[in-house]
Amino acid sequence: MERHRIAVIEDEPDIREMIEHNLAREGFAVVAAADGEAGLDLVRRRGADLVLLDLLLPGLHGIEVCRRLKSDAATRRIPVIIVSAKGEESDIVLGLGVGADDYVTKPFSPRELIARVRAVLRRGTLQDEEGADKRIEREGLVVDPLRHEVQVDGLPVDFTATEFRLLHRLASHPGRVFTREQLLDSVIGDRAVVIERNIDVHVRAIRKKLGNRRHLVVTIRGVGYRFRDQEQSA
Ligand code: CA
């Protein structure tokens, strides 16, 4: 079996060793670095299938590490999971904005971390999975872009164009967290008129229309929204 190689960039030795130990026990190959520069160098030199990235690092901040990984053609397709302390929601939003694929907040259980790693490896990065015309069927919900149709438990429901694009965007990437800004960008495509609260209004309308299936659109407090993944409840 091919072993996935995980790069861990974390400056606290206890946490780094705990992560390394748990990944290794689950059969992952692990490489590690204790600061941002060394981490970047490690990933560029040796490659990785996924990066676990602490934010508060000596020298180069994790956000900058993520931005550099995601703006370099050689590394942009490597998924990045941000590992950050609780209460750093604004940093998480920044991280997702520069292309991070998911995040885990400290303290976390090894089980949660492994589940996130597996989920992100399974779904790949955003760049891998564009598919604007993809028909989606999930738990009684059908979203069909070609016919511009939404069905909930077999019954057609009217969606506005914006609501439809928003729902399709979320549902195309189950389990992925989107910030409000990312959602607004994708549905309206004009950064000049970003009013992030608009997204909440649209999501409220979408949930109302989803009725019994409203739980499929999950609120991530302080960060944004995600479409429910089968293997993740939130
Ligand atoms: Ca740290």
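Before moving on, here are some points about what is shown:
- Backbone phi angles across region 60-75, fed through the Karplus curve with coefficients 6.51, -1.76 and 1.60 (θ = phi - 60°), yield HN-Hα couplings of 5, 5, x, 4, 5, 4, 4, 4, 5, 4, 7, 9, 9, 4, 6, 10 Hz in residue order; Gly and Pro are listed as x.
- GNM result for the chain, Cα springs below 10 Å: residue of 146, 57, 216 fluctuating most strongly: 146
- Sequence-distant residues sharing a close amide H with residue 229 (under 5 Å, placed H): 175
- A cut-off of 5 Å between modelled amide H atoms, ignoring neighbours fewer than 5 places along the same chain, links residue 141 with 153.
- Cα-based helix-to-principal-axis angle, 197-210 vs the chain, degrees rounded to 10: 60
- The C-alpha atoms of the chain define a longest principal axis, and helix 161-171 lies at about 40 degrees to it.
- Angle of helix 36-46 to the longest C-alpha principal axis of the chain, folded into 0 to 90 degrees and rounded to 10: 90°.
- Fluctuation leader among 174, 145, 13 - the chain, Gaussian network, Cα springs under 10 angstrom: 13
- Distance between region 67-103 and region 1-44 - C-alpha centres, whole angstrom: 16
- Qualifying lysines (Cα of each under 24 Å from Cα of residue 209; at least 8 residues distant if same chain): 134
- Taking the DSSP beta bridges with both ends in the chain, the antiparallel portion is around 50 percent.
- Residue-count net charge about residue 146 - beta-carbon cut-off 12 Å; Lys, Arg +1, Asp, Glu -1: 0
- For the chain, adding -39500 (n - 2.57) for each run of n ≥ 4 DSSP H residues and dividing by the number of residues yields -12000 deg cm²/dmol at 222 nm.
Quick note: the coordinates plus some simple rules give every number you see, no bench work behind them. All values derive from a computational prediction rather than experimental measurement. Counting neighbours? That spans all protein chains shown, and the Cβs are built from the backbone with ideal geometry, glycine included.
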